[in-house]
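Below: one structure, written as structure tokens.
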Amino acid sequence: QVHAVESGGGLVQAGGSLRLSCVAPGSIFTRTTMVWYRQRPGEQREFVATITTTSNTNYRDSVKGRFTISRDNAKNTLYLQMNSLKPEDTAAYYCNSITNYYSWGQGTQVTVSS
């Protein structure tokens, strides 16, 4: 099993910012679309943002204009810059390839207080 490792979560007040990182090993990282997901307790995991190998991006409507996904292929690292955070952004955040190549890790918890 190959795991991606997420980090950067924490507790922040509404309106604050966080930057998440995901280190995803292996050469596949540079050859695949990567995805940030999130999951709230009792809910299904949902897509947050995607980035292709050519850095085309896509976001769920609720985070457009607030979140920015990026990647550094030299470091096998995926990022999610989250600004203007809202309490409804509270969730565990995960990364994976578009084909779910990586085994799901523990994610990184983001908690936004009102």
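The values are calculated or read from the model by the stated rules, or taken from the named source; none is laboratory data. Bear in mind that the values here come from a model prediction, so they are computed numbers and not experimental data. Cβ sites come from the backbone with ideal geometry, for glycine too, and all protein chains shown count toward neighbours. Protein only, heavy atoms only, side chains kept; ligands, DNA and RNA dropped before computing areas. Shrake-Rupley method; radii C 1.70, N 1.55, O 1.52, S 1.80 Å.
Just to be sure I understand, how many residues within the range 84-103 are of a type in the set (Asp, Glu) and open to solvent by less than 60 Å² (accessible area, probe 1.4 Å)?
Of the residues in the range 84-103, 1 are of a type in the set (Asp, Glu) and open to solvent by less than 60 Å² (accessible area, probe 1.4 Å).
Identify the residue in the range 3-36 that is free of Cβ contacts under 8 Å to residues at least 60 places away in the same chain and under 21 Å from Gly65 (Cα atoms) and, among all such residues, is surrounded by the most Cβ atoms within 10 Å (Cβ to Cβ).
Across the range 3-36, the extreme among qualifying residues is Trp36.
In the range 71-83, how many are buried (at least 22 other Cβ atoms within 10 Å of the Cβ) and of a type in the set (S, T, N, Q)?
Residues in the range 71-83 being buried (at least 22 other Cβ atoms within 10 Å of the Cβ) and of a type in the set (S, T, N, Q): 0 in total.
Identify, from the list Thr77, Thr68, the residue that is without any contact (Cβ under 8 Å) to a residue 60 or more places away in the chain, more than 22 Å from Gln106 (Cβ to Cβ) and among the polar types (S, T, N, Q).
Of Thr77, Thr68, the one residue that is without any contact (Cβ under 8 Å) to a residue 60 or more places away in the chain, more than 22 Å from Gln106 (Cβ to Cβ) and among the polar types (S, T, N, Q) is Thr68.
For (1) within 16 Å of Gly8 (Cα to Cα); (2) part of a strand (DSSP E or B); (3) not acidic (Asp, Glu), each residue gets a yes or a no:
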position: Ser55; (1), (2), (3): no, no, yes
position: Ser70; (1), (2), (3): yes, yes, yes
position: Tyr79; (1), (2), (3): yes, yes, yes
position: Gln106; (1), (2), (3): yes, no, yes
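Mind counting the residues in the range 46-61 that are touching a residue at least 12 places away in the same chain (Cβ under 8 Å), open to solvent by 60 Å² or more (accessible area, probe 1.4 Å) and among the polar types (S, T, N, Q)?
So the answer is 3.
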